[in-house]
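Comments concern the structure below.
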Amino acid sequence: MDARINDPFFVLFTPDSEWTQAERDEVARRVAANDAIERTESIERAKQAERPACPRCSGRGVMDEYAHVMNGKCFLCGGSGFAD
Ligand SMILES: [Zn+2]
């Protein structure tokens, strides 16, 4: 049953009445899983936005002028770009 719902044309153009219950359940499960991922990512972004940027590399995690040493990785923040 996965084969049909992996086909975008089926998902977009097949009327609801032709979907099996298993297909509806699977789509609902995937939508919920995707929502959970997006929630986690936006929480992560919000957390990061509140963190102070590293003063040495200005939050970039690397310094171009030191590209010849460890690919320019900032030693103050360890490449994370954050001061904490
Ligand atoms: Zn840094």
**OP:** Report the net charge of residues surrounding Glu65, where surrounding means a beta-carbon distance below 15 angstrom and charges are Lys +1, Arg +1, Asp -1, Glu -1.
**Re:** +2
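Scan the chain for GluC sites (Glu not before Pro) in coil per DSSP, keeping those whose Cβ has at most 14 other Cβ atoms within 10 Å, and list them by number.
none
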Original post:
Taking amide hydrogens as modeled 1.01 Å from N in the peptide plane, which residues meet the under 5 Å criterion relative to Val62, leaving out close sequence neighbours?
Top reply: Cys74
**OP:** Work out which trypsin sites (Lys or Arg not before Pro) in the chain are exposed loop sites (DSSP not H, G, I, E or B, at most 16 other Cβ within 10 Å) and give the longest gap free of them.
**Re:** 1-55
Original post:
Between Glu41 and Phe75, what is the label-to-label distance in nm when each label sits 7 Å out along the Cα-to-Cβ direction?
Top reply: 3.6
Original post:
Counting other Cβ atoms within 10 Å of each Cβ, which chymotrypsin sites (Phe, Trp or Tyr not before Pro) in segment 24-84 have at most 13 and sit in a DSSP loop?
Top reply: Phe75
Original post:
Between segment 34-84 and segment 17-32, how many Å separate their Cα centres?
Top reply: 39
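What is the fewest-to-most order of Thr40, Thr14 by other Cβ atoms lying within 10 Å of their Cβ?
Starting with the residue having the fewest Cβ neighbours, the order is Thr40, Thr14.
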Subject >> Degrees, to the nearest 10: 21-50 long Cα axis against longest axis of the chain >> reply: 20
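Coordinate-derived values only; no laboratory data. Remember, it's a predicted structure, so these values are computed and weren't measured experimentally. FYI the Cβ positions are ideal-geometry reconstructions off the backbone, even for glycines, and counts take in every protein chain you see.
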